[in-house]
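Below: the structure, in structure tokens.
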Amino acid sequence: MQGMPLQRQSVIFTMDMVNPILLKRTLQKVTMINSLYGRVTGKKDGFLFIKTGGVEWELTVSSFSLDQISPVGEDAKIFVYLHHREDQMKLFGFSTEEERSIFMDLLTVDGIGPKQAIKILSGINPSNFIETLEKDDLENLCRIPGLGRKSAQKILLSLKGKLKVNIEERSEYEDIVNALAEMGFDRKEAFQAVLKVKKELDTVSLDKGEMERELFKKTILLLSR
């Protein structure tokens, strides 16, 4: 009606709203984002809704994260991972950096995609998952709903003895990886590039500050090739 004030409406942003090509262009900045901070507006099985600056994001999350994240109506910080292919883009959310690191490691296992990785993290919390791998406990891994024995064996072979190290290394180089992600580089590729450059710099006599600057500079050069 004339004279009535207009009401502001939030937009629920999902990855299938627009043409993939247009979406890739408009979400260039999303690949630079380490986390989202805002008001939790909704929770349902496998999904979290968080509002930041008038935009309401839909994130796919594990049951573990859904339980850990603040209740609806409260503010929360969500670590994110954008998975994209030519025909699909999907935003995943995590309550901790540790869970996101495990998720990314699971994606390196042959036959494990984002959907399966989230299912795995819904069936076991991050600390128990790490402990299961360190103990080489195949039977406990097979108890995760939807995870077959063959896939569980692949996970053990691929990640045993590596997962804890990867998490610690990601924590050590988090600032550098974050800076590279903010420049538009893929976070996973940036982390792998940092590790590669670090090995080459191990023989160079540098203090911590010089090492970080040199690591950052050389990683940019490697990623830009």
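The values are calculated or read from the model by the stated rules, or taken from the named source; none is laboratory data. What you see is a predicted model, and the numbers here were worked out from it, not measured in a lab. For neighbour counting, all protein chains shown are included, and Cβ atoms are generated from backbone atoms with ideal geometry for every residue, glycine included.
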Discussion item. Going residue by residue through the range 85-96, is there one that turns out to be modelled with pLDDT under 90 and among the aliphatic types (A, V, I, L, M)?
Written reply: yes
Discussion item. Quick check on my filter: what residues within the range 23-62 are out of contact with any strand residue (DSSP E or B) (no Cβ under 9 Å at 6 or more places or on another chain) and at pLDDT 80 or above?
Written reply: 44, 45
Worksheet entry | Considering residues of the range 66-110 that are assigned to a loop (DSSP other than H, G, I, E, B) and of a type in the set (Val, Ile, Thr) only, the residue nearest to the chain's Cα centre (by Cα) | 96
Worksheet item: Just for the range 119-140: of the residues that are touching a residue at least 12 places away in the same chain (Cβ under 8 Å) and over 22 Å from residue 68 (Cβ atoms), which one is nearest to the chain's Cα centre (by Cα)?
Response: 134
Worksheet item: Does at least one position in the range 173-196 carry a residue that is over 18 Å from the mean Cα position of the chain (by Cα), at pLDDT 80 or above and among the acidic types (Asp, Glu)?
Response: no
Worksheet, complete the sentence: Note on residue 116: of the conditions (1) crowded, with 18+ Cβ neighbours inside 10 Å; (2) assigned to a helix (DSSP H, G or I); (3) assigned by TED's automatic domain parsing to the domain that holds residue 143, unmet is (1)
